[in-house]
Amino acid sequence: MATYVKYQVFVEDVAEKVHNLGSDTLKVALTNTAPNVSTHAGLADITEISAGFGYSAGGTQATLVTSAQAAGTYKLVLNDVVFTAAGGSIGPFRYAVLYNDTSTGDKLIAYWDYTSSITLLTGETFTWD
């Protein structure tokens, strides 16, 4: 099971109206370098894996299912993002990073740590859920 980690800048960005999670384009990018929650702010701050073989630079869009608040708890539900290796390997990667592609500087939201590096061989898939 992956561990969820929120970027510190996300709290400030919410307070300063950087994000509209119900309508902005959110994406998942992959990296094998440990993110820094206290200093990283935008996609350019992470070391993304190389594009190719089914992985596009900048990652893949995570489309919205629902975005709602009830009793003071906000719940954002996104569709699964599936990465499929084709014609070569994707990775290695250990972290899946959620960011806001609509915001200036592609502001970071959170990442998931899968505890060890993953490499997808041709035909294999990885599902971020």
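State, as an integer percentage, the relative contact order of the chain based on alpha-carbon contacts under 8 Å between residues 6 or more apart. Spell out each step's value before the answer.
On the way: 291 pairs, mean separation 43.7, N = 129.
It rounds to 34 percent for the chain.
If we count every other residue with Cβ under 11 angstrom of VAL9's Cβ, Lys/Arg +1 and Asp/Glu -1, where does the sum land? Walk me through the numbers before you get to the answer.
Working: positive: LYS6, LYS107; negative: GLU12, ASP13, GLU16, ASP45.
Value of the local net charge: -2.
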**With every protein chain in place, the chain: carbon and sulfur % of accessible area (1.4 Å)** = 50
**Item:** Å² of accessible area per residue within the chain, as computed with a 1.4 Å probe and no ligands counted
**Value:** 53
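Please state the charge dipole magnitude for the chain, taken about the Cα centre, from unit charges on C-beta atoms (+1 on K and R, -1 on D and E), reported in debye and rounded to the nearest 20.
Numbers: 6 positive and 12 negative charges, 26 e Å.
It comes to approximately 120 debye.
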**Fill in**
Given the candidates ALA110, VAL28, MET1, the one whose Cα lies deepest towards the positive end of the charge dipole of the chain, counting +1 at each Lys or Arg C-beta and -1 at each Asp or Glu C-beta, is MET1
**Request:** Check the straight Cα-Cα distances from LYS27 and name the aspartates and glutamates below 14 Å, setting aside those fewer than 8 residues away within the same chain.
**Result:** GLU48, ASP80, ASP101, ASP106, ASP129
**Asked** Zone of GLU16 (label point 7 Å along Cα→Cβ, backbone N under 13 Å): which residues in the stretch 102-129?
**Response** 104-108
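The values are calculated or read from the model by the stated rules, or taken from the named source; none is laboratory data. As the structure is a computational prediction, the values presented were derived from the model and not from experiment. Here the Cβ is made from the backbone with ideal geometry for all residues, glycine too, and neighbour counts use every protein chain on show. We work out accessible area using only protein heavy atoms, side chains counted, and drop any ligands, DNA or RNA first. Shrake-Rupley method; radii C 1.70, N 1.55, O 1.52, S 1.80 Å.
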